[in-house]
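> Let me begin by handing over the structure; questions about it come next.
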């Protein structure tokens, strides 16, 4: 029965082909699994390193060449306790000028994805301005002094990862301890008027920070946040570029902070900004 023999032979060949195909597929899957198990951890580690995120601690002091731009207002002294102050309130407008050195200190802990940080800013800025007296003619000369301590604590989460960068979102609280002094003289004022006011307040702050590893030891970040609470609004933008060493990195950048806080007797609507230079130490 030649026909039957041929059919049997054909069936055997088909079975052998199916076995061969199945073996090839099984071998491919096995090799894929082995490749995934063996090389995936190394690949993930390499990607994690390339983002620039590494668990640990960072301490970073900065010097800040800060300038003042905006309006500050303060109420004068009460005359004879009668509830009448002179002047009722006067506002001073200034133009930005990088003239004073401020200091900043930043500390951060990083886990696998969570981070906790502390940020402090001290700035003492004195600048000339134009004064406008409420219900009076403007005086010609004024000098304003901003002496501020700003402290922030927050908690962040590394939300997105890319090949060489990551994005962290954060939230926290920012505390302001501000002393403002105004000296006005000239115009219709027969004598120099001086006021000194100290105010403290707290705001909730929410923001995001994008960090990028440029390679060849260069890295940088840009952050922006917005706050509200006792203030009408506060916000900032902070950008930095750094060069890495074995102990940490040297960094330079620019920081811009905007404050808007006002009561019946006090007003501060100013922008603090300027270049900065510092170092970060990693542990």
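The values are calculated or read from the model by the stated rules, or taken from the named source; none is laboratory data. Remember, predicted model here, so these are calculated numbers, not experimental data. With ideal geometry, Cβ positions are generated from the backbone for all residues, glycine too; neighbour counts draw on all protein chains shown.
> If you check residue 173 against the conditions, is it exposed (fewer than 15 other Cβ atoms within 10 Å of the Cβ), under 17 Å from the mean Cα position of the chain (by Cα) and part of a strand (DSSP E or B)?
Criteria met by residue 173.
> So is residue 277 within 19 Å of the chain's Cα centre (by Cα), assigned to a strand (DSSP E or B), in the same structural domain as residue 67 (by TED's automatic domain parsing) and surrounded by fewer than 14 Cβ atoms within 10 Å (Cβ to Cβ) or not?
Spelling it out, residue 277 is indeed within 19 Å of the chain's Cα centre (by Cα), assigned to a strand (DSSP E or B), in the same structural domain as residue 67 (by TED's automatic domain parsing) and surrounded by fewer than 14 Cβ atoms within 10 Å (Cβ to Cβ).
> Filter segment 128-157 for residues that are modelled with pLDDT under 95 and crowded, with 20+ Cβ neighbours inside 10 Å; which is farthest from the chain's Cα centre (by Cα)?
139
> Being exposed (fewer than 15 other Cβ atoms within 10 Å of the Cβ) and either modelled with pLDDT of 90 or more or in a strand (DSSP E or B) (or both) is the filter here; which residues of segment 176-203 pass it?
Scanning segment 176-203 gives 177, 186, 190, 191, 192, 194, 196, 198, 200, 202.
Residues are listed down the side, and each one gets a yes or a no for (1) under 19 Å from residue 153 (Cα atoms); (2) surrounded by 20 or more Cβ atoms within 10 Å (Cβ to Cβ):
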site	(1), (2)
223	yes, no
235	yes, no
243	no, no
249	no, yes
254	no, no
263	no, no
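> Determine whether residue 168 is part of a strand (DSSP E or B), exposed (fewer than 15 other Cβ atoms within 10 Å of the Cβ) and in the same structural domain as residue 73 (by TED's automatic domain parsing).
Criteria not met by residue 168.
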